[in-house]
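The values are calculated or read from the model by the stated rules, or taken from the named source; none is laboratory data. Source: prediction; values computed, not measured. Here Cβ is always computed from backbone atoms with ideal geometry, including for glycine, and neighbour counts include all displayed protein chains.
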Amino acid sequence: MITPTVLVTGFEPFAGADINPSGELARRLGELGHPDCHLVADVLPVSFAHAPQQLAAALDAHRPDILIMLGLAENRHAITPERVAINLADARIPDNDGAQPTDAPLEPHGPAARFTTLPVKHIAYAIDAAGIPAEVSLSAGSYVCNALMYAALGMAEQRGDSGKHSDHSDTGAAGTDVRHTGAGRHHRLRAGFIHVPATPPARRRPALHARRARAGHPHRHHDRRRRPRVSTTPVIRVSAVLAVDAAGRLLLVRKRGTSVWMQPGGKPEPGETAAQTLARELHEELGVRLDPGVLEPLGTFTAAAANEAGTTLIADVFRATIQGPLRAAAEIDAVTWMHPREFATERVAPLITQHMLALLPGGQC
């Protein structure tokens, strides 16, 4: 039996971040290896032009049976295998080369979409069964992640008998069709993309008691009486708005006596919902009147507070369309619309650089 070769790729940091979990994960998997396959890893540039080129070189060098591409999607809270890559590049932030294509085809004469050849439902089910949140995602977006997946599936079609995966097909080790012919082998390259979140949330571990029983360690009933770990880090809870204009600029404010740009919003008053808090703050600070019902919830995000050292910020973020004249009032000293490319020369709150960029179309990789 021939051991299959698995190539895992991740991406380098982008958008001013210090690390990209997808690249770190790929490196770690390459270091650990796997007993059932020959596992190799590569970290690719966040570049529309160069990521597919480096991947092509890795495919030539390693001739893998399975290609698993990893990328970061900070706004997601689960591991998400992708179904489809589309023939579109639409970047709301520049890649690491400064390229920012808008509504451009990846291949002018290519198909509208290419489908993964990995069994995404089985992958998501297996990950979720291990106690790690996972679900199938329809599309890889329109940034470099999608561009790489689209190019890779095209390469797979050119390099072998690639086709849309069927859960009913016969597979060899690790889900790869391997057929031996004479002195060599002919294989179907299975390829697909998986997005990973920035920090996986805590999740139940359904197999924990079974593992303890197999290891001869019965469940300790007194575990539930252990004192919970108490954090001594101060926490601030706020509501914040993600407002983007037609030019891709974010609405930001700077408080009086500070130098950091942040999203409009603020702390709740007793009895308020998160949406009610944001509607009130927008009126008090910017003169904007919005009904709480029109605010689109995007999730709850955690980051270091911008102006309070050693403090954790927990923000309930909502998307809203804001137009018309704005005025700085209350504790707001300045209001601006700022494009992400300007973040390199401005001081911007960690919540924005760590989470908000990934909520913009094309802001994941």
Q: Kindly indicate whether L278 is in contact with a strand residue (DSSP E or B) (Cβ under 6 Å, 6 or more places away or on another chain) and within 20 Å of Q354 (Cα to Cα).
A: no
Q. Can you tell me how many residues in the range 111-154 are in a helix (DSSP H, G or I), in contact with a Leu (Cβ under 8 Å, 6 or more places away or on another chain) and either at pLDDT below 95 or not hydrophobic (A, V, I, L, M, F, W, C) (or both)?
A. 2
Q) Can you find a residue in the range 346-357 that is under 30 Å from G71 (Cα atoms) and without any contact (Cβ under 8 Å) to a residue 40 or more places away in the chain? A) no
Q) Residues in the range 7-30: is at least one closer than 27 Å to A113 by Cα, more than 19 Å from the chain's Cα centre (by Cα) and buried (at least 21 other Cβ atoms within 10 Å of the Cβ)? A) yes
Q | Search result, residues across the range 269-313 that are touching a His at 6+ places or on another chain (Cβ under 9 Å) and among the hydroxyl-bearing types (S, T, Y) | A | T302
Q.
Which numbered condition in (1) more than 24 Å from the chain's Cα centre (by Cα); (2) under 14 Å from I236 (Cβ atoms); (3) among the acidic types (D, E) is the only one that E272 fails?
A. (2)
Q: Identify the single condition in (1) surrounded by fewer than 18 Cβ atoms within 10 Å (Cβ to Cβ); (2) among the hydrophobic types (A, V, I, L, M, F, W, C); (3) more than 14 Å from V196 (Cα to Cα); (4) within 19 Å of the chain's Cα centre (by Cα) that A113 does not satisfy, given that it satisfies every other one.
A: (4)
Q.
Yes or no: the range 81-102 includes at least one residue that is at positive phi and out of contact with any strand residue (DSSP E or B) (no Cβ under 8 Å at 6 or more places or on another chain).
A. yes
Q: Test L298 against the stated conditions and say whether it is in contact (Cβ under 8 Å) with a residue 60 or more places away in the chain, surrounded by 16 or more Cβ atoms within 10 Å (Cβ to Cβ) and in contact with a Gly (Cβ under 9 Å, 6 or more places away or on another chain).
A: no
(Q) For the range 338-350, which positions are closer than 22 Å to E281 by Cβ and surrounded by 15 or more Cβ atoms within 10 Å (Cβ to Cβ)? (A) M338, V348, A349, P350
Q: Tally the residues that are over 23 Å from D97 (Cβ atoms), touching a Ser or Thr at 6+ places or on another chain (Cβ under 8 Å) and assigned to a strand (DSSP E or B), restricting the search to the range 1-12.
A: 0
Q. Are any residues in the range 306-337 under 27 Å from the mean Cα position of the chain (by Cα), surrounded by 15 or more Cβ atoms within 10 Å (Cβ to Cβ), within 22 Å of Q276 (Cβ to Cβ) and of a type outside the set (D, E), and if so, which ones?
A. L313, A315, V317, F318, A320, I322
Q. Of all the residues that make up the range 269-294, how many are of a type outside the set (A, V, I, L, M, F, W, C), surrounded by fewer than 18 Cβ atoms within 10 Å (Cβ to Cβ) and farther than 18 Å from P325 by Cα?
A. 8
(Q) Among the listed residues A57, A51, identify the single one that is surrounded by fewer than 16 Cβ atoms within 10 Å (Cβ to Cβ) and at pLDDT 95 or above. (A) A57
Q: Test D42 against the stated conditions and say whether it is surrounded by fewer than 22 Cβ atoms within 10 Å (Cβ to Cβ) and touching an Asp or Glu at 6+ places or on another chain (Cβ under 8 Å).
A: no
Q: Run down G287, G293, G310, G299 and say which single residue is at pLDDT 90 or above and on the phi > 0 side of the Ramachandran plot.
A: G287
Q) Can you name the strands (runs of 3 or more DSSP E) wholly within the range 13-88 that have at least 3 residues being in contact (Cβ under 8 Å) with a residue 60 or more places away in the chain, of a type outside the set (K, R) and under 21 Å from G154 (Cβ atoms)? A) 66-72, 80-86
Q: Within the range 91-148, work out how many residues are among the β-branched types (V, I, T) and without any contact (Cβ under 8 Å) to a residue 60 or more places away in the chain.
A: 3
Q.
Just to be sure before I move on: is R256 exposed (fewer than 14 other Cβ atoms within 10 Å of the Cβ), free of Cβ contacts under 8 Å to residues at least 12 places away in the same chain and of a type outside the set (S, T, Y) in the structure I sent?
A. no
Q. If a residue has to be closer than 18 Å to I352 by Cβ and among the acidic types (D, E) to count, how many in the range 281-312 make the cut?
A. 4
